Amino acid sequence: MDRQSRYKDFSGFLAGHFPFKVQKLSVNAGFSCPNRDGTKGYGGCTYCNNQTFNPAYCRTEKTIAVQLEEGKQFFSRKYPQMKYLAYFQAYTNTYAGLDSLVRMYEEALGVPDVVGLVIGTRPDCMPDALLDYLEELNNRTFLLVEYGIESTDDGTLRRINRGHTFACTEDAVRRTSARGIRTGGHVIVGLPGEEGRDKIIRQAEILSGLPLVTLKLHQLQLIKGTRMGEEYLRCPGDFHLFTAEEYVDLVIDYIEHLRPDLVLERFISQSPKELLIAPDWGMKNYEFTNLLHKRMEERDAWQGKYFKT
């Protein structure tokens, strides 16, 4: 079995939709979050610091079109034929009035060489009126709606001040998928209270029962300026942080229990070193992916090996 066939990867997924190279470009459209402005809560999720994933060109004083054009310049020198997906990433990118959202999404699609949208949001911020528009949009361009699931356990969701239940997530995913819209999810592996292998594997089984097309997972990272980071500095014994070696085997166990057709976009995240408290693996995404492939070959592992319908 070759490397590519051991799990469904995101590059292969994109290659099945586009006859050219496609790159996601992050956009910061200046959204807030109902878990920060008092609608659901204050302070946000305890692990959250959006500085950890905003590229330098993503500044809210710049228009969406300008952010995308500057992002394009970075890649176009090396890949002049590259096309792009506008990735609405920072905070909750459906948390505004419908007219404002339509204006932002259409502005992004009006940028030359932008061939689709990826919209990151919370499951409690997807009204039916917006789904009506997204269903129409999906009929004329590539669209992926990505929900921050983070955990399937309600106790963990309360512990991290998420502000919604897993039932809310399940409802949003099913309503979105029912419109024919590609639906993705994001989870954090090793949140406080669910560090054990059995709980984590159970999560893979639960997510496999949802109509998700794509899934991102990454290790818990403790970040400066977050409540969880402060909790760790006060009581580090309350947290179990995986080593890279532990985590790669756990990810393989997770993959083996996933539905075989789920597209896996990523397995780790890299926060800026100046913001990261722990764990500091000193490992880039491609290095982890190479280690993952090597371990999967050693274990003769593949996606869905232990999946049960």
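Largest to smallest in accessible area, the residues TRP302, TRP281 fall in the order TRP302, TRP281 (1.4 Å probe, all protein chains included). Of the residues LEU258, LEU14, the one with the largest accessible area comes first in the ranking LEU14, LEU258, computed with a 1.4 Å probe on protein heavy atoms.
Can you pull the Kirkwood radius for the stretch 89-170, inverse mean 1/r over Cα pairs, to one decimal in Å? Value: 13.9 Å, from the Cα pair sum.
Note on the stretch 168-309: the alpha carbon radius of gyration divided by the globular reference 2.2 N^0.38 Å gives 1.10.
Trypsin sites (Lys or Arg not before Pro), restricted to the stretch 215-309: which are DSSP loop and have at most 11 other Cβ atoms within 10 Å? Each step should come with its number before you reach the end.
Numbers: sites: LYS216, LYS224, ARG227, ARG234, ARG266, LYS273, LYS284, LYS294, ARG295, ARG299, LYS305, LYS308; in loops: LYS224, LYS273, LYS284, LYS305, LYS308.
Passing sites in the stretch 215-309 are LYS273, LYS284, LYS308.
Close amide H partners of ILE277, meaning residues 5 or more places away or on another chain with modelled amide H under 5 Å apart, are LEU222, ILE223, LYS224.
Quick one: order PHE74, PHE20, PHE288 from most to least accessible surface, probe 1.4 Å. Each step should come with its number before you reach the end.
Numbers: PHE74 150, PHE20 75, PHE288 0 Å².
Of PHE74, PHE20, PHE288, the descending order of accessible area is PHE74, PHE20, PHE288.
Note on the chain: helix-only mean residue ellipticity at 222 nm, from DSSP H runs of 4+ residues weighted -39500 (n - 2.57) and normalised by residue number, equals -10500 deg cm²/dmol. Per-residue SASA remark: ASP280, around 90 Å² accessible (1.4 Å probe; ligands, DNA and RNA not included). Placing unit charges on each Cβ (+1 for Lys and Arg, -1 for Asp and Glu) gives the chain a dipole about its Cα centre, and among PHE13, MET126, PHE74 the Cα reaching farthest toward its positive end belongs to PHE74. Here the stretch 156-293 carries DSSP beta bridges of which approximately 20% are antiparallel, counting only pairs with both residues inside. What number, in nm² with one decimal, is the all-direction average of the projected area of the convex hull of the alpha-carbon atoms of the chain? Its Cα hull, projected and averaged over all orientations, spans 15.7 nm². The heavy atoms of MET82 present about 10 square angstrom of accessible area, all protein chains included, probe 1.4 Å. Bridges between two residues of the chain, per DSSP, are antiparallel at a rate of about 10%. The dipole here belongs to the stretch 79-157: it is taken about the Cα centre, uses +1 on the Cβ of Lys and Arg and -1 on the Cβ of Asp and Glu, and is about 380 debye.
How large, in percent, is the carbon and sulfur part of the accessible surface of the chain at a probe radius of 1.4 Å?
Values: 6950 of 13790 Å².
Answer for the chain: carbon and sulfur cover 50 percent of the accessible area.
Can you give me the Kirkwood hydrodynamic radius for the stretch 102-238, using every pair of distinct Cα atoms, in Å to one decimal? Please list the in-between numbers first.
Details: mean 1/r = 0.0608 Å⁻¹.
The Cα-based Kirkwood calculation yields 16.4 Å.
For the chain, the solvent-accessible area of protein heavy atoms averages 45 Å² per residue (probe radius 1.4 Å; ligands and nucleic acids excluded). Within the chain, the longest run free of exposed loop sites, counting GluC sites (Glu not before Pro) that sit outside DSSP helix and strand states (H, G, I, E, B) and have at most 16 other Cβ atoms within 10 Å, spans 62-194. Close amide H partners of GLN219, meaning residues 5 or more places away or on another chain with modelled amide H under 5 Å apart, are VAL189, SER269.
The values are calculated or read from the model by the stated rules, or taken from the named source; none is laboratory data. Values in this document were obtained by computation on a predicted structure and should not be read as measured data. Positions of Cβ are generated from backbone atoms using ideal geometry, with glycine treated the same way; all protein chains shown enter the neighbour counts. Surface accessibility is based on the protein's heavy atoms, side chains included, excluding ligands, DNA and RNA. Shrake-Rupley method; radii C 1.70, N 1.55, O 1.52, S 1.80 Å.
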